[in-house]
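Before I ask anything, here is the structure I am working with.
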Amino acid sequence: MAEAIKSIRGMHDILPDQSPTWNHLEGTIRDLFIQYGYRELRTPVLESTNLFKRSIGEVTDIVEKEMYTFDDRNGDSLTLRPECTASCVRAGIQNGLLYNQQQRIWYIGPMFRHERPQKGRYRQFYQAGIETFGIPGPDIDAEVVAISARLWKRLGLNNVELQINSLGSNEARNKYREVLVSYLKTHEDKLDEESKRRMLTSPLRVLDSKNPAIADIIKAAPQLLDHLDDESAEHFERFKQLLSEMDIPFVINTRLVRGLDYYCRTVFEWVTTELGAQGTICAGGRYDGLVEQLGGKATPGFGFAMGLERIALLLEEQDIAVPTQSPHLYVVMQGEAAETAGFKLTEQLRDELPDLRIINNAAGGSFKSQMKRADKSGAEFAIILGDDELAEAKASLKPLRNSKAQTQHSLVELKDHLNTIIFTGNHNG
């Protein structure tokens, strides 16, 4: 027997038992984003490699180590998207959506990074996110964060903390880089090799190091907030004021720099202590120079991305129930005539009650075996059709999740009865 083919390491299946959580999560996200007036943008999974080199930065871990990049048959270098902000900017420039316009965009879909797989971190992973364009002020920063805060409420999540920081303008950050590098060089002999490398290429990333051996050095480093330009400081103060007015608690994390080169001014993360090392469930910030960097005209931008695997794990960790997708009815049919009548009946019920979830028994079987399938399906009721029922143009309705008595109903009245007991909450009939 040939060896069974397995999924690629870091690429995972979402199984039918897990789908209700994902459908609930994605549906809640879609409804919320649309409620705030955001419109969906769908971009290709494959993009030109240069898009990510120019946006994320060639000396970042993502570009250097994690991207799935290959040459196609034409010799063009292509990359599976590791994130979606650059793709949204590319689509906006290409389709004339950005210049001198305001856009509120959302997206959802798979991203790809060749990382070491672990709980909450996969090589194919799903993100949902928001991107806004043409709105330079702190008001949109606050709105976007408020959307994420409201999502946790809708999902019923607890124990998530909002951390915020400001990276200032590009000019202020460049001046701060000089101060930071000067400080780090005085401690160079104590830095690990990764931090030494980052000090020369992307020194702010040193502040993001998780190495406990240099934690004291990072803690004592100069703070970027002390080096903000006046406009960025005012921007950040107004952002904080708006969050406070909306009763959204936050913590200022002066070491929060984010891992992508295109961020400026406001950055934020939502973190939890319940997922181990993968504690960030949503993160983002402002990227006012990215559109121009990718060939468009200068356009401010602000957005976030959230990891759906991690949010799904958090729902599970906090034992938060999601709406069931179990069928309402399983139709047991004894004999060919009953099967014919049953298929006709269920199609009529689907026409008249479009929210009704019905499974028809397939491949025959004894009454006992069909009832076992009905119970295993998770259905709330079994509709039973046999010779006796057909002779009287009736169907038997048997509750499967409680001990209430089986009842009979005419086929004509069945729809109204099902509508009453399933959709109006009256389970006494």
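Write out, first by first residue and then by second, each pair whose Cβ atoms fall under 6 Å of each other, whose residues are 6+ apart or on separate chains, and whose first residue, in the range 1-29, is within 17 Å of LEU313 (Cβ to Cβ) while the second is aliphatic (A, V, I, L, M) and assigned to a loop (DSSP other than H, G, I, E, B).
Qualifying pairs under 6 Å: PRO20/VAL322; THR21/VAL322; TRP22/ILE14; HIS24/VAL322.
Show me the helices (runs of 4 or more DSSP H) found entirely inside the range 118-230 where at least 1 residues are closer than 17 Å to VAL267 by Cα.
Values: elements: 138-155, 170-185, 193-201, 215-219.
Passing ranges, in order: 138-155, 170-185.
Restricting to the range 347-393, and then to whatever is in a helix (DSSP H, G or I) and among the basic types (Lys, Arg), can you tell me which residue is farthest from PRO327 (Cα to Cα)? Explain how you work it out, then say what you get.
Residues of the range 347-393 in a helix (DSSP H, G or I): 347-352, 367-377, 387-391.
In the following step, the residues that additionally are among the basic types (Lys, Arg) were identified as 350, 368, 372-373, 376.
Values: ARG350: 12, LYS368: 19, LYS372: 15, ARG373: 12, LYS376: 11 Å.
By that ranking, first place goes to LYS368.
Quick one: which of ALA283, ALA277, ALA305, ALA298 is modelled with pLDDT of 90 or more and surrounded by fewer than 16 Cβ atoms within 10 Å (Cβ to Cβ)? Reasoning before the result, please.
On the way: ALA283 fails: surrounded by fewer than 16 Cβ atoms within 10 Å (Cβ to Cβ); ALA277 fails: modelled with pLDDT of 90 or more; ALA305 fails: surrounded by fewer than 16 Cβ atoms within 10 Å (Cβ to Cβ).
Unique residue meeting the criteria: ALA298.
I'm told TYR262 meets every condition in (1) closer than 19 Å to ALA305 by Cα; (2) surrounded by fewer than 22 Cβ atoms within 10 Å (Cβ to Cβ); (3) at pLDDT below 95 except one. Can you identify the failing condition by its number?
Answer for TYR262: the failing condition is (2).
Could you pull out every one of the strands (runs of 3 or more DSSP E) wholly within the range 59-117 that has 2 or more residues that are surrounded by fewer than 15 Cβ atoms within 10 Å (Cβ to Cβ)? Don't jump to the end; show me each part of the working.
Numbers: elements: 68-71, 77-80, 103-112.
Where strands (runs of 3 or more DSSP E) fall fully within the range 59-117 and carry at least 2 residues being surrounded by fewer than 15 Cβ atoms within 10 Å (Cβ to Cβ), they are 68-71.
For the range 234-248, what are the residues that are within 31 Å of the chain's Cα centre (by Cα) and assigned to a helix (DSSP H, G or I)?
The first filter runs over the range 234-248 and keeps only residues within 31 Å of the chain's Cα centre (by Cα), leaving 235-248.
Residues satisfying the conditions are HIS235, PHE236, GLU237, ARG238, PHE239, LYS240, GLN241, LEU242, LEU243, SER244, GLU245.
I'm checking my understanding of the structure. Among residues of the range 173-200 that are under 18 Å from GLY57 (Cα atoms) and touching a helix residue (DSSP H, G or I) at 6+ places or on another chain (Cβ under 6 Å), which one is surrounded by the fewest Cβ atoms within 10 Å (Cβ to Cβ)?
Going through the qualifying residues, I end up with ARG177.
Within the range 318-348, take every residue that is under 36 Å from the mean Cα position of the chain (by Cα) and among the hydroxyl-bearing types (Ser, Thr, Tyr) and give me the one that is nearest to THR28 (Cα to Cα).
Within the range 318-348, the match that is nearest to THR28 (Cα to Cα) is THR324.
Can you say whether LEU314 is under 34 Å from the mean Cα position of the chain (by Cα) and in a helix (DSSP H, G or I), as far as the supplied structure shows? Walk me through how you get there before you give the answer.
Working: under 34 Å from the mean Cα position of the chain (by Cα): yes; in a helix (DSSP H, G or I): yes.
So LEU314 fits the description; yes.
May I ask you to verify whether VAL257 is assigned by TED's automatic domain parsing to the domain that holds TYR99 and part of a loop (DSSP other than H, G, I, E, B)? Talk me through it step by step, then tell me what you get.
Values: assigned by TED's automatic domain parsing to the domain that holds TYR99: yes; part of a loop (DSSP other than H, G, I, E, B): yes.
So VAL257 fits the description; yes.
The values are calculated or read from the model by the stated rules, or taken from the named source; none is laboratory data. Worth saying up front: this structure is predicted, and the values here are computed from it rather than measured. Cβ sites come from the backbone with ideal geometry, for glycine too, and all protein chains shown count toward neighbours.
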